[in-house]
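**Q** Quick one: the structure is below, and I'll ask about it shortly.
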Amino acid sequence: MGTDVSKPSQLMSLLQAAGFRFKKQLGQNFLVDAHALQRILAAANVSAADGAFEIGPGAGVVTQRLAQQARRVLCVEKDTTLAPVLANALAGFDNVQVRMADVLELDWHELWQAFADCREVVVVANLPYYVTTPILLHMLESGVRFQRAVLMVQREVAERLQAPPASKAYGALSVAVQYRAEVDWLGRVPPGAFIPPPKVESALVRLRVRPQPAVQVEDERLFFRVVRAAFGQRRKTLRNALTGLGLDKQATQQVLAEAAIDPERRGETLSLSEFAGLAAALVAHLAYTGAKR
Ligand code: SAM
């Protein structure tokens, strides 16, 4: 067995022996809090039949525990200087694969072949905060099979993920996530739970992937274009914001009337089903006028 990296003193000795230096630009804040670790594992609820995909294992503090519970663990770490640290921490586990790479540059469908014999797949990540949104969107849009994701994110991001319409935190990311998943707020985590402590507060959330998206949408690309246009011009009325879709004023009026949405409303007040209704009205309008989607 390798070093028990859930013990801060052992973790620090291992990092020191490997000559490791924390890289701020990679969002490296390693977890050193037993209570937070326990909360992550409880929320992930990985059984011996399941696979776990971990983004950014760092020194392997979560990975070690996942390896004890899961059928298979696959993790992707960008910082190659952590390779010897992970090799030590994960010595003795034959169910763990480590890939040293940028998780956004890999083909997730190819990665997922590792989980062919797993009952459920759970994504677990103490995310590097500089790249949270691209990773979240990549995860949700990749189309790979997973049942839930337990994520440590900046508190503001956690608030955006679960924000209801018309609230300050509601935005395109809220819609993208809530369209595909139900979001559980699992609580705040203070900076002192990490080494080095981040400048911001963190929060733990769980996404439970819906069997079907929250609303029925004929053309997802168009749906998300509508969402981006609506939020792209915050505080503008929809009458003005939707011109970003290339519609003239009259067409915008028609589409909004068709969707029964007041043109004086602002994009950030629309619910998921209203966005879906708006996208459907736009599809119908484009089909009628013969314009390209
Ligand atoms: N999981 C570890 C823990 O909880 O102690 C480390 C978490 S730390 C917040 C984020 C980790 O993600 C770092 O190890 C960092 O090197 C890694 N990372 C940053 N950008 C990445 C990327 N694009 N792809 C994969 N890993 C990345």
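The values are calculated or read from the model by the stated rules, or taken from the named source; none is laboratory data. Every value quoted in this text rests on a predicted model; they were computed, and no experiment measured them. Neighbour counts run over all protein chains shown; Cβ positions are idealised from the backbone, glycine included.
**Q** Check Gln216, Gln212 and return the single one that is in contact (Cβ under 8 Å) with a residue 60 or more places away in the chain and either of a type in the set (Asp, Glu) or surrounded by fewer than 16 Cβ atoms within 10 Å (Cβ to Cβ) (or both).
**A** Gln216 is the lone residue from the list that is in contact (Cβ under 8 Å) with a residue 60 or more places away in the chain and either of a type in the set (Asp, Glu) or surrounded by fewer than 16 Cβ atoms within 10 Å (Cβ to Cβ) (or both).
**Q** Is one or more of the residues making up segment 137-146 in contact (Cβ under 8 Å) with a residue 12 or more places away in the chain, away from the ligand (no atom under 14 Å from the Cβ), under 25 Å from Asp184 (Cα atoms) and in contact with a Lys or Arg (Cβ under 8 Å, 6 or more places away or on another chain)?
**A** Yes.
**Q** Residue check, Ala70 against (1) in contact (Cβ under 8 Å) with a residue 60 or more places away in the chain; (2) away from the ligand (no atom under 13 Å from the Cβ); (3) crowded, with 23+ Cβ neighbours inside 10 Å, all met but one. Which one?
**A** Among (1) in contact (Cβ under 8 Å) with a residue 60 or more places away in the chain; (2) away from the ligand (no atom under 13 Å from the Cβ); (3) crowded, with 23+ Cβ neighbours inside 10 Å, the lone unmet condition for Ala70 is (1).
**Q** Let me ask something additional. Only one of these is more than 20 Å from Val124 (Cα to Cα) and either touching a helix residue (DSSP H, G or I) at 6+ places or on another chain (Cβ under 9 Å) or crowded, with 17+ Cβ neighbours inside 10 Å (or both): Gln10, Gln25. Name it.
**A** Result of the check over Gln10, Gln25: Gln25.
**Q** Oh, and also: Does segment 166-182 include one or more residues that are surrounded by 18 or more Cβ atoms within 10 Å (Cβ to Cβ), closer than 20 Å to Val46 by Cβ and away from the ligand (no atom under 16 Å from the Cβ)?
**A** yes
**Q** When residues of segment 13-22 are filtered for being within 12 Å of the ligand (Cβ to nearest atom) and either in contact with a helix residue (DSSP H, G or I) (Cβ under 7 Å, 6 or more places away or on another chain) or of a type in the set (S, T, N, Q) (or both), how many remain?
**A** 2
**Q** Next up: Let me spell it out: the conditions are (1) in a strand (DSSP E or B); (2) out of contact with any helix residue (DSSP H, G or I) (no Cβ under 7 Å at 6 or more places or on another chain); (3) over 24 Å from Gly187 (Cα atoms), and Leu74 meets all of them except one. Which number is the exception?
**A** All conditions pass for Leu74, except number (2).
**Q** Return the only residue of Ala59, Ala101, Ala83, Ala49 being near the ligand (Cβ under 9 Å from one of its atoms) and surrounded by fewer than 20 Cβ atoms within 10 Å (Cβ to Cβ).
**A** Testing whether each residue is near the ligand (Cβ under 9 Å from one of its atoms) and surrounded by fewer than 20 Cβ atoms within 10 Å (Cβ to Cβ) leaves just Ala101.
**Q** Let me ask something else. Would you mind finding the one in Asp219, Asp248 that is over 26 Å from Glu141 (Cβ atoms) and not small (Gly, Ala, Ser)?
**A** Of the residues listed, the single one that is over 26 Å from Glu141 (Cβ atoms) and not small (Gly, Ala, Ser) is Asp248.
**Q** If you scan segment 71-89, which residues turn out to be of a type in the set (A, V, I, L, M) and either more than 14 Å from Trp112 (Cα to Cα) or at pLDDT below 95 (or both)?
**A** Within segment 71-89, Leu82, Ala83, Val85, Leu86, Ala87, Ala89 qualify.
**Q** Among Ala163, Ala125, which is the only one that is closer than 30 Å to Gly192 by Cα and within 11 Å of the ligand (Cβ to nearest atom)?
**A** Ala125
**Q** Residues of segment 165-198 being among the polar types (S, T, N, Q) and within 15 Å of the chain's Cα centre (by Cα), which ones?
**A** Once the filter is applied, which keeps residues that are among the polar types (S, T, N, Q) and within 15 Å of the chain's Cα centre (by Cα), segment 165-198 yields Ser174, Gln178.
**Q** Take Leu31 and decide whether it is within 12 Å of the ligand (Cβ to nearest atom), at negative phi and within 19 Å of the chain's Cα centre (by Cα).
**A** Answer is yes for this residue.
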